[in-house]
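First up is the structure itself, then whatever we jot down about it.
The numbers here are math on the coordinates, done by the rules we state, and not lab data. Quick caveat: nothing in here was measured; it's all calculated off a predicted structure. No Cβ is skipped: glycine too gets one built from the backbone with ideal geometry, and neighbour counts run over all protein chains shown.
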Amino acid sequence: MTVIFSMVKVSVDYTGNLHCDATHGPSHSKIATDAPADNKGKGEAFSPTDLVATALGTCISTTMGIKAEEFGVDLRGMTVSVQKEMSKDAPRRIVALPSEVHIPLPPDSPHRAVLEQTALNCPVHKSLPPEINRPTKFFWEG
């Protein structure tokens, strides 16, 4: 049995023309979405599946940042890129989310293994189904 640790409400308003406005309950910050240009939208904002890729990239960054702070290490300047790859066959779905993490620390950092494992075990990584391929490459550039 899973115990719920925390909950956050996100409210979504469909505003027409395949656009939505989502509001984060605790902060009231908003993001807009649009259907992608290759699926009847105009691509004027993040698509819902773009947000999955965004969630993965920001989760990797955030969890690595938390762990780095525990070591007294500053990861400012780290970048993460995630490429969203959609299926060609039906049903339309994300099939891969390859990512690259560029870390402003030297390759011989004593925290390298822990930080890489932290990234690979972030909550979004752990929440995605195994059929979504998500290879992650790390580049130590300090």
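Summed over region 81-122, the residues that are out of contact with any helix residue (DSSP H, G or I) (no Cβ under 6 Å at 6 or more places or on another chain) and either polar (S, T, N, Q) or more than 21 Å from A68 (Cα to Cα) (or both) give a count of 18. Only one of the listed residues (V73, V80, V114) is surrounded by 11 or more Cβ atoms within 10 Å (Cβ to Cβ), among the hydrophobic types (A, V, I, L, M, F, W, C) and in contact with an Asp or Glu (Cβ under 8 Å, 6 or more places away or on another chain). That residue is V80. When each of T23, T33, T63 is tested for being under 19 Å from the mean Cα position of the chain (by Cα) and either within 18 Å of S99 (Cα to Cα) or in contact (Cβ under 8 Å) with a residue 60 or more places away in the chain (or both), the lone residue that passes is T63.
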